[in-house]
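The next block holds one structure in the form of structure tokens; read it before the comments.
Here, each number is a calculation from the coordinates, and none is a lab measurement. Please read these numbers as outputs of a predicted model, since none were measured by experiment. Virtual Cβ from ideal backbone geometry, glycine too; neighbours counted across all protein chains shown.
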Amino acid sequence: MYNNNPVDLSNEDLPKTPIVPPTTKFGVFISSTRNMIASSTIALTILALHKKQSANIYQIYVAKTISLCVLVFSFFTGFYAIKDLNLYMNMIKKKYGKNLPHYYKQTFNNWEVWIYIIYLYMLILALCTVALFFIEFKLQ
């Protein structure tokens, strides 16, 4: 039957086992970063090719606004994915302390490389976005 008792969330002790297995958590991270890359690619394509497809100034500004919104969404997706993965790694490190199993040490080292790769992608994306917007506004 349904339990109607409220859950006590005041206890900050970690669960005895991870809530989510490491492979699932990393799969979610990869999925989020894939969505970030796909959405930012679409936004940059809209931004770069909108003049060839639109004739009036209204359509150009709508295309710029849409691409900017998608880029902002893409950045938030990337930052949230990194934050979520770091939160999971910190939870596991806190749970095990100095007795962190070798599997987690090796896995977390690999994950940190992926985090740096995503940060690098986001930096390149930010530079490309700023350059494209600068070129677009300078040409008008």
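Along Cα→Cβ, 7 Å out, is where each label goes; now give me the distance between the ones at residue 23 and residue 120 in nm to one decimal. Label-label distance for residue 23 and residue 120, simple model: 2.7 nm.
Hey, with R₀ at 35 Å, roughly what FRET efficiency would residue 110 and residue 133 work out to, going by the Cβ-Cβ distance, to 0.05?
Given R0 = 35 Å and the Cβ-Cβ separation, E is 0.50.
Other residues within the sphere of radius under 12 Å centred on the Cβ of residue 89, judged by their own Cβ, net out at +4 (K and R +1, D and E -1).
The lysine pair tally for the stretch 22-139, using Cα distances under 29 Å and a gap of 8 or more places or different chains, is 20.
Please state the shape class of the stretch 33-90: rounded when a/c is under 1.5, otherwise prolate if a/b exceeds b/c and oblate if not, all from the C-alpha gyration tensor. Before the final figure, lay out the partial values.
Numbers: a/c = 7.00, a/b = 3.29, b/c = 2.13.
Prolate, because a/c is 1.5 or more and a/b exceeds b/c.
For the stretch 22-139, count all C-alpha to C-alpha pairs, find those more than 18 Å apart, and express that count as a whole percent of the total. Please report the intermediate quantities before stating the final value.
Details: 3969 of 6903 pairs.
Looking at the stretch 22-139, the distances longer than 18 Å represent 57 percent of pairs.
Model label points for residue 95 and residue 48, set 7 angstrom from Cα along the Cα-to-Cβ axis, are 4.3 nm apart.
Here the 3J(HN,Hα) profile of the stretch 71-81, calculated from phi with Karplus coefficients 6.51, -1.76 and 1.60 at θ = phi - 60°, is 5, 4, 4, 5, 4, 5, 4, x, 5, 5, 4 Hz, Gly and Pro shown as x.
Per-residue Cβ neighbour counts within 10 Å put 47, 127 in the sequence 127, 47, beginning with the fewest.
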